Amino acid sequence: PEDSSRLVSFEALKRAILKYGGVVAVRFVENLPEEEGARAGLIASQALQPGDPAITIPRRLIISSKTASKEVQEASQLVIKQYFEQTGANESTMGSLPDASVLGTVFIQEMRRKDSIHREYFKTLPHQLPKTYVAWPKLWQTVFNHFGLEKNQMHFDRVLIDLIVRMGKLLDPNKPFTANEALAIVVFMASRRFIGHSMVPGLDLANHGFAPKKNCKAQCGDASCSLVASRPVSVGEEILWEYKAIGNLRLLAAFGFISDANPYTSGVVSFPPHPQTSKISFETSEICADYFNEEVPFLRNASGKTFLEATAMQCLVASFDGSESKAFEYFRYTCHHNREKVARAWKSAQPMATEANKGGLHHVGVHILDELLSEASFADSCLERLAGKGGPPGKGGLEL
């Protein structure tokens, strides 16, 4: 971004938001008490009641993969096909790479345009990239390669950087994207892509908070995206919303910080797709809409016990046509899968453990090891509390 004060830049962004019919009931400040590692953020400029928008960004100011040109969409398909052919990597690892590569390409194209409508947004972005973000993709890809997993375990961001550079060469051979441009964009996307494959100006300036501190939630429709008050917010109160319901390991990887107040574990249940069946009532289907095809994290209470929220458990049973035995069998598989993932992670973290035993590891590294051990213990207890292989769910399963 161009060198300028983020405070001045926010005022310019505010004018653009209001110009296109948005709402701004917040101020940007740079002298907040340091919580979760952030001193800058948004505070309410007027009192808000539940449902009131703190900030609403019109669709016109949102950078999205869905609004990319046909040329960019086709370029993405071509480079992804070439990538997998050349590397021999497993295409099942592709995931959301197509949408992400399109968004990254559009982002760079807009940043290069001097007359871009998003100019004011770009000026609000941080002027320096945290070293953790810059090193993370390369380091993890090195770990995967070391254990011979490069064919089926690719660090998403590392591949994404490669794809965006390839797309730049294809779209404009005379002025291709540089590796540094691609890296910067992937870093911004990793920590600021909150609503699907879109970059929403303003929302990324508000800091993260878990309950009970969080006071807003994100809502996105066809015309706009907003941060909406979830409880009464007083004038001058900091705007806080939950970036993602994820454990500290994933929180650190995505956003660069960890929180002692995090109620979630890194263990998740990957919910199956929405069932195409008439056995699930409309009411249940509506309640469960946010779960299907999503990763739902386990919760952790004050005593350290781990559980899946009741509604999620009911929706999991509903997705198997009400069959508790099938749901628990799927649950058992999930716990086993989580245990395998933790085991692989712990193997790669052994050098960190050696440093920790010598007393030479940074406190964040120690926290990572604690989280890994906690997840391993949770996965073990999860398997123990479920019935044995092929058996019916017992009281332990129902309790979980």
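Matching residues to (1) open to solvent by 60 Å² or more (accessible area, probe 1.4 Å); (2) modelled with pLDDT of 80 or more; (3) in contact with a helix residue (DSSP H, G or I) (Cβ under 6 Å, 6 or more places away or on another chain):
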| site | (1), (2), (3) |
| --- | --- |
| Phe298 | no, yes, no |
| Ala302 | yes, no, no |
| Thr311 | no, yes, no |
| Leu373 | yes, yes, no |
| Leu383 | no, no, yes |
| Leu386 | no, no, yes |
Discussion item. Of the residues Ser348, Ser270, Ser266, only one is in contact with a Leu (Cβ under 6 Å, 6 or more places away or on another chain) and modelled with pLDDT under 80; which?
Written reply: Ser266
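Is it the case that some residue within the stretch 201-216 is of a type in the set (D, E, K, R), modelled with pLDDT under 85 and either buried (at least 20 other Cβ atoms within 10 Å of the Cβ) or assigned to a loop (DSSP other than H, G, I, E, B) (or both)?
Narrowing the stretch 201-216 to residues of a type in the set (D, E, K, R): 204, 213-214.
This time we only want the ones that are modelled with pLDDT under 85, so: none.
No: the stretch 201-216 contains no residue that is of a type in the set (D, E, K, R), modelled with pLDDT under 85 and either buried (at least 20 other Cβ atoms within 10 Å of the Cβ) or assigned to a loop (DSSP other than H, G, I, E, B) (or both).
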Discussion item. Show the residue pairs meeting these rules: Cβ distance below 8 Å; 6+ apart or different chains; first residue within the stretch 236-249 and more than 28 Å from Leu372 (Cβ to Cβ) and in contact (Cβ under 8 Å) with a residue 12 or more places away in the chain; second residue of a type in the set (Val, Ile, Thr) and outside any loop (DSSP other than H, G, I, E, B).
Written reply: Gly236/Ile43; Glu237/Ile43; Glu238/Ile43; Ile239/Val26; Ile239/Ile43; Ile239/Ile55; Ile239/Val233
Worksheet item: Considering the stretch 175-200 alone, what residues qualify as being open to solvent by 10 Å² or more (accessible area, probe 1.4 Å) and in contact with a Gly (Cβ under 6 Å, 6 or more places away or on another chain)?
Response: Pro176, Phe177
Discussion item. I'd like the full set of residues that are touching a helix residue (DSSP H, G or I) at 6+ places or on another chain (Cβ under 9 Å) and closer than 22 Å to Phe188 by Cα, limited to the stretch 203-231.
Written reply: Leu203, Asp204, Leu205, His208, Ala218, Ser224, Cys225, Ser226, Leu227
Practice prompt. Report whether or not Thr311 is in contact (Cβ under 8 Å) with a residue 24 or more places away in the chain and not in a loop (DSSP other than H, G, I, E, B).
Written response: yes
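Scanning the stretch 339-371 for residues that are among the charged types (D, E, K, R) and assigned to a helix (DSSP H, G or I), which turns out least open to solvent (accessible area, probe 1.4 Å)? Even if it seems obvious, please write down each step before you answer.
Initial filter on the stretch 339-371 (among the charged types (D, E, K, R)): 339-341, 344, 347, 355, 358, 370-371.
So of that shortlist, the ones also assigned to a helix (DSSP H, G or I) come out as 339-341, 344, 347, 355, 370-371.
Working: Arg339: 71, Glu340: 83, Lys341: 74, Arg344: 109, Lys347: 114, Glu355: 75, Asp370: 90, Glu371: 18 Å².
Ranking the qualifying residues of the stretch 339-371, first place goes to Glu371.
The values are calculated or read from the model by the stated rules, or taken from the named source; none is laboratory data. Because the structure is a prediction, the values reported are computed rather than measured. Positions of Cβ are backbone-derived with ideal geometry, glycine not excepted, and every protein chain shown enters the neighbour counts. Areas reflect the complete protein model, heavy atoms only, side chains present, ligands, DNA and RNA absent. Shrake-Rupley method; radii C 1.70, N 1.55, O 1.52, S 1.80 Å.
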